[in-house]
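Comments concern the structure below.
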Amino acid sequence: MIRFDNVSYSTNGIKIISDVSFELKKGDFTALIGANGAGKSTVARLCNGLLKPSRGAVNVGGFDTALVRTSRIAKFTGFLFQDPDRQICKNRVRDEIRFSLECVMEDRAEIEMRCERTLKAFSLDGERDPFSMSRGERQRLVLASILATEPELLLLDEPTTGLDYRECMHIMECISVINRKGATVLMVSHDMEIVQDFTREVMVLNDGSLLAHGRTKDIIRDESLLARASLLPPQITELALRLGAGYENVITVDDMVSAVKKKRGGAE
Amino acid sequence: MGGFLDYSPGDSFLHRLNPLAKIFLSLMLSVSCFVTDSSIFCLMIILLNIAMAAVAGISSRALAMLRTLIKFCAFLFFIQVFFIREGNILLSLPFNVYVTDKGAMFSLMMVLRLIGATLPLALMLSITKMNDLSNVLVERVGIPYKYAFSLTTAIRFIPVFTAEMAGIMEAQTARGVAFDTKNIFKKIGLIFPLCVPLLITSVRKIEGAAISAELRGFNCRKRESGYKSYPFKTADIGVSIFALTLAVAGVFIPF
């Protein structure tokens, strides 16, 4: 679905991304993690052609992003930005979802059908003014308008920043559902708990270079790797690492409970 | 490199001038372009602007702005040149469209004046801190701080809104709006719906800035509150005389 071949990106003489290569297959759910300024958002923007590589090639859904317009790639790609207010441009929730659909399709009946279905699925009031909604609700509206287009590739640039736990879980559940339906998801995130709970693969970026790309459960237990990228493992993983033997497979709270019970049982 | 109105730090002769002298210089350069009838004089003012930008170490920014202005002015020139029907015909085209010597000269002067009057203002804003600008307006000109602050904040917000607009266009392109079209008219048509998010974010930013200023005791501030003084030195007087001479020369220049 996405292939980066020795991609570098520079702007104003400053190298942001350096010689990055990776491949994401259809249906993958991958997180892109790294410290501030590591180049995560740049990689996400390179994925849908908002930025063109200075060197190397980015291939998305069979298109070389340097050769096609972003609006063409947007026909099968959804991009959720951190700030929902940059994406909302209509005064009614219904119009906002409809606008997204109109950008990628022409069949009026299909647009209306998908619009109503999305409103229902996300429990949104179609007549409401988006700018009177809370930040979490606005982010959910933007996600709804993206998912209404049924994208094959979903790019998320820190989608849960500034949201409370409930809103955060709601957004991530919606993303998981579309991933289970076959969409490829690439998520830029700082939240290691979210990364651990929802993604299957992780890429670690540091200073514009790709440090590692592997299974989430392997990457988040590699403390030295995470330290090189100025990151910390999720708290439950850190606890498991400190406890040592018998806690090697602990990734979630449930895993920890099982491991502790097993230990206690053994001691008894 | 920042936006064309962002402050560019430096320690050049122009940077060190009193902000009031810089305002006067830019104002006189603009005035001289409007009072003169000489295209060569206008051209000299534009070259002087570029030279001053080089002295201030912002020549690349000035040239980038000059390029943008030339593109815009070329559009204006071609519209204007066909609307003036007086004078001797220089070029005759089908459908009774022609270009006259008066039309060509008027259009040329118009674009030279526009470039010559815009560049000094941008240059002055690029080498003056907004705080210094508002402080000097309060201390030396006697403008109430509220108005001076409002003026400089409005100027400071221009690059912020430009960046915001770029971000909004990027977000809309990502959802499939064809901002990456080569058709300029189509692009202009697509920009109108973006006024809504831009307006909302602008109002939010302004409201946030106003509340923040209020909470820091903005209304308690008096004319004497500024701790920096802005003395008018010999160099400032010299530059002001030079600027005034240019404006007067613009009226009497014979070529």
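The values are calculated or read from the model by the stated rules, or taken from the named source; none is laboratory data. Computed from a prediction, not measured in an experiment: that's the story for all the values here. Don't worry about glycine lacking a Cβ; one is built from the backbone with ideal geometry, like all the others, and counts go over all protein chains shown. The protein model used for the area step is the full one, side chains on, heavy atoms only, and it has no ligands, DNA or RNA in it. Shrake-Rupley method; radii C 1.70, N 1.55, O 1.52, S 1.80 Å.
A few notes on this one:
- Summed over segment A:143-181, the residues that are polar (S, T, N, Q), outside any helix (DSSP H, G or I) and crowded, with 17+ Cβ neighbours inside 10 Å give a count of 2.
- Being surrounded by fewer than 20 Cβ atoms within 10 Å (Cβ to Cβ), among the charged types (D, E, K, R), without any contact (Cβ under 8 Å) to a residue 24 or more places away in the chain and not in a helix (DSSP H, G or I) is a property that holds for B:R85.
- In the condition set (1) more than 9 Å from chain B (Cβ to nearest Cβ); (2) open to solvent by 10 Å² or more (accessible area, probe 1.4 Å); (3) of a type outside the set (F, W, Y); (4) in a loop (DSSP other than H, G, I, E, B), A:N91 is compliant with all but (1).
- From B:T118, B:T181, B:T153, residue being within 14 Å of chain A (Cβ to nearest Cβ) and either surrounded by 15 or more Cβ atoms within 10 Å (Cβ to Cβ) or closer than 30 Å to A:T65 by Cβ (or both): B:T181
- Exclusive hit being in a loop (DSSP other than H, G, I, E, B), more than 9 Å from every other protein chain (Cβ to nearest Cβ) and among the basic types (K, R), set A:R140, A:R128: A:R128
- On inspection, A:E96 fails the criterion of being facing chain B (nearest Cβ under 9 Å), assigned to a helix (DSSP H, G or I) and either modelled with pLDDT of 90 or more or surrounded by fewer than 18 Cβ atoms within 10 Å (Cβ to Cβ) (or both).
- Note on segment A:3-31: among residues that are of a type in the set (S, T, Y) and farther than 19 Å from A:L155 by Cα, the one that is modelled with the lowest pLDDT is A:T11.
- Selection from segment B:220-236 of residues that are without any contact (Cβ under 8 Å) to a residue 24 or more places away in the chain and assigned to a helix (DSSP H, G or I): B:C220, B:E224, B:T234
One line per residue, one yes/no per condition, for (1) outside any helix (DSSP H, G or I); (2) modelled with pLDDT under 95; (3) surrounded by 15 or more Cβ atoms within 10 Å (Cβ to Cβ); (4) not hydrophobic (A, V, I, L, M, F, W, C):
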{"position": "B:L14", "(1), (2), (3), (4)": "no, yes, yes, no"}
{"position": "B:K22", "(1), (2), (3), (4)": "no, yes, yes, yes"}
{"position": "B:C33", "(1), (2), (3), (4)": "no, yes, yes, no"}
{"position": "B:F41", "(1), (2), (3), (4)": "no, yes, yes, no"}
{"position": "B:R67", "(1), (2), (3), (4)": "no, yes, no, yes"}
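- Among (1) among the acidic types (D, E); (2) away from chain B (no Cβ under 14 Å); (3) out of contact with any helix residue (DSSP H, G or I) (no Cβ under 8 Å at 6 or more places or on another chain), the one test that A:E106 misses: (2)
- From the list B:F161, B:F185, the one residue that fits, being of a type in the set (F, W, Y) and touching a residue at least 40 places away in the same chain (Cβ under 8 Å), is B:F161.
- Filter result for A:E201 (touching a residue at least 24 places away in the same chain (Cβ under 8 Å), open to solvent by 20 Å² or more (accessible area, probe 1.4 Å) and in contact with a strand residue (DSSP E or B) (Cβ under 6 Å, 6 or more places away or on another chain)): yes
- Extreme residue, surrounded by the fewest Cβ atoms within 10 Å (Cβ to Cβ), among residues of segment A:52-83 that are assigned to a strand (DSSP E or B) and within 14 Å of another protein chain (Cβ to nearest Cβ): A:F63
- Subset of segment A:99-130 (residues that are open to solvent by 30 Å² or more (accessible area, probe 1.4 Å), more than 23 Å from the chain's Cα centre (by Cα) and under 20 Å from B:L190 (Cβ atoms)): A:E102, A:M105, A:E106
- Some residue of segment A:41-49 being more than 13 Å from chain B (Cβ to nearest Cβ) and more than 24 Å from B:F161 (Cα to Cα): yes
- Within segment B:162-173, the set of residues being crowded, with 16+ Cβ neighbours inside 10 Å and either of a type outside the set (A, V, I, L, M, F, W, C) or modelled with pLDDT under 85 (or both) comprises B:E164, B:G167, B:E170, B:Q172, B:T173.
- A single entry from B:G176, B:G217 fulfils the requirement of being out of contact with any strand residue (DSSP E or B) (no Cβ under 7 Å at 6 or more places or on another chain), open to solvent by less than 40 Å² (accessible area, probe 1.4 Å), away from every other protein chain (no Cβ under 14 Å) and free of Cβ contacts under 8 Å to residues at least 24 places away in the same chain: B:G217.
- Listed conditions (1) assigned by TED's automatic domain parsing to the domain that holds B:V141; (2) open to solvent by 50 Å² or more (accessible area, probe 1.4 Å) are all met by B:K228, apart from (1).
- Among the residues making up segment A:225-256, those that are surrounded by 12 or more Cβ atoms within 10 Å (Cβ to Cβ), among the small types (G, A, S) and not in a helix (DSSP H, G or I) are A:A229, A:S230, A:G246.
- B:L133 under 30 Å from B:S229 (Cα atoms), surrounded by 19 or more Cβ atoms within 10 Å (Cβ to Cβ) and touching a residue at least 12 places away in the same chain (Cβ under 8 Å): yes
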